[in-house]
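Have a look at this one.
The values are calculated or read from the model by the stated rules, or taken from the named source; none is laboratory data. Everything numeric in this text was worked out from a predicted model, so none of it was measured. Note that we place each Cβ from the backbone using ideal geometry, even for glycine, and neighbour counts take in every protein chain shown.
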Amino acid sequence: MSDNGKPKFAMYWAASCGGCEIAVLNIGEKILDVDANFEVVFWPVAMDAKYKDVEAMPDKSILLTLFNGGIRNSENEEMAHLLRRKSQILVAFGSCACEGCIPGLANYSSTDEIFKTVYQSVSSENPEGLRPQYTYPMPEGDLHIPEFYPVLKTLDQVVPVDYYMPGCPPESHQIAAVIELVIQVLQGKASLPPAGAVIGAGVSTVCDDCPRQRNVKTIKKFVRIQDLESIDPDLCLLEQGIPCNGPATRQGCGALCPQAGAQCIGCYGPAEGVLDYGARLMTSFASVIDSNDPDEIEKILDGIPDPAGQFYRFNLAGSLLRAGTKAWKR
């Protein structure tokens, strides 16, 4: 507890885009409940707080920390360990922390390839080909920047996590519901779910929330959605040959994309019980192909232009695969 009797709240971003912070602010008036029931002690995007302030706090003095972003460098990892020590409840908040998300796709590439793209591509003006130096001597003393790791890791690959809240970002109404639950727990009106539980999302798939009609699946080809002249507004997108990730993706978003005529891309991660998201999705896609001929099946699957991105767009770092061979080469 803080001096004013309120439990302490923290939020931190590591390798992420900042969308999770925006989603928290989008909870509207519920943000006032956070202020009324918690003392916000560390939230770099919203307040001026230093790492040394967190280091000075007693261990387990922060009741709740929402940690978003994957672990891409030494600073991310250091903060994960620090906030784990200082927090009673550590939540992997958003897809990046839970499963790696878009930053995790860099796990297909080597560090050298990543640096070439960032520092020596057509969008960069770097005629001397400079690269990051993690330590640089100066008259005032050595300067240090965080070390870039060869692969991005999920939060639970670095520290123990109490709860997971998926989504890219999590829907604001679900964030509000989780905050309300924690407040009720503080007031003795509710209990926390079992450790390791997924909060703010369902257990089934996006397909269960999708109102589109599902018939007998007989796909002869996969197509990009932009290559279709028209899309049936009522029929399952997958049955129209559009590679929709709904069959393997955890429900929680309300099937917003399929309802708007866009395929599910999988931002809520694997549904309950799915060991590997990509493997489950491959099985789902294979099951709708109307052919028993291996050559024809292969030709149909070739209609998926980017299988790696399709099957592991959000989940590569958290999958059984985790990274390509090149990522381990510095």
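Got a sec? Which of A255, A248 is in contact with a Lys or Arg (Cβ under 6 Å, 6 or more places away or on another chain), in contact (Cβ under 8 Å) with a residue 40 or more places away in the chain and either at positive phi or of a type in the set (A, V, I, L, M, F, W, C) (or both)? Give the derivation first.
On the way: A255 fails: in contact with a Lys or Arg (Cβ under 6 Å, 6 or more places away or on another chain).
The match here is A248.
Quick grid of which residues meet (1) surrounded by fewer than 17 Cβ atoms within 10 Å (Cβ to Cβ); (2) outside the structural domain of P132 (by TED's automatic domain parsing); (3) of a type outside the set (A, V, I, L, M):
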position: S16; (1), (2), (3): no, yes, yes
position: I27; (1), (2), (3): no, yes, no
position: A46; (1), (2), (3): yes, yes, no
position: N68; (1), (2), (3): no, yes, yes
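Select from segment 91-140 the residues that are in a helix (DSSP H, G or I), free of Cβ contacts under 8 Å to residues at least 40 places away in the same chain and not hydroxyl-bearing (S, T, Y) and list them in ascending order. Outline the logic, then answer.
In the first step, residues of segment 91-140 are kept if they are in a helix (DSSP H, G or I); the result is 95-99, 102-108, 111-120.
Next, from what is left, pick out any that are free of Cβ contacts under 8 Å to residues at least 40 places away in the same chain: 114-120.
Passing the criteria: I114, F115, K116, V118, Q120.
Please determine, by comparing only the residues of segment 253-288 that are aliphatic (A, V, I, L, M) and surrounded by 19 or more Cβ atoms within 10 Å (Cβ to Cβ), which one is nearest to G241 (Cα to Cα). Write out each step before concluding.
Filtering segment 253-288 down to residues aliphatic (A, V, I, L, M) leaves 255-256, 260, 262, 265, 271, 274-275, 279, 281-282, 286, 288.
Filter once more, so that each one left must be surrounded by 19 or more Cβ atoms within 10 Å (Cβ to Cβ): 255, 271, 281.
Working: A255: 18, A271: 22, L281: 14 Å.
Among residues in segment 253-288 that are aliphatic (A, V, I, L, M) and surrounded by 19 or more Cβ atoms within 10 Å (Cβ to Cβ), the one nearest to G241 (Cα to Cα) is L281.
Still on this structure, please answer the following. Just the residues that are assigned to a helix (DSSP H, G or I) and within 28 Å of T325 (Cα to Cα), please, taken from segment 141-187. Don't jump to the end; show me each part of the working.
Restricting attention to segment 141-187, the residues satisfying the condition of being assigned to a helix (DSSP H, G or I) are 155-157, 172-186.
L155, D156, Q157, listed by residue number.
While we're looking at this one, here's another question. Do the conditions hold for F93, that is, is it modelled with pLDDT of 95 or more and among the aromatic types (F, W, Y)?
Working: modelled with pLDDT of 95 or more: yes; among the aromatic types (F, W, Y): yes.
So F93 passes the test.
Restrict the check to segment 300-308 and report whether at least one residue is out of contact with any Cys (no Cβ under 6 Å at 6 or more places or on another chain), farther than 30 Å from D156 by Cα and free of Cβ contacts under 8 Å to residues at least 12 places away in the same chain.
First, the residues of segment 300-308 that are out of contact with any Cys (no Cβ under 6 Å at 6 or more places or on another chain): 300-308.
This time we only want the ones that are farther than 30 Å from D156 by Cα, so: 300-305.
Okay, now just the ones that are also free of Cβ contacts under 8 Å to residues at least 12 places away in the same chain, so 302.
Within segment 300-308, one or more residues are out of contact with any Cys (no Cβ under 6 Å at 6 or more places or on another chain), farther than 30 Å from D156 by Cα and free of Cβ contacts under 8 Å to residues at least 12 places away in the same chain.
Considering only segment 221-235, I want to know if a residue exists there that is surrounded by fewer than 12 Cβ atoms within 10 Å (Cβ to Cβ) and aliphatic (A, V, I, L, M).
Looking through segment 221-235, none of the residues is surrounded by fewer than 12 Cβ atoms within 10 Å (Cβ to Cβ) and aliphatic (A, V, I, L, M).
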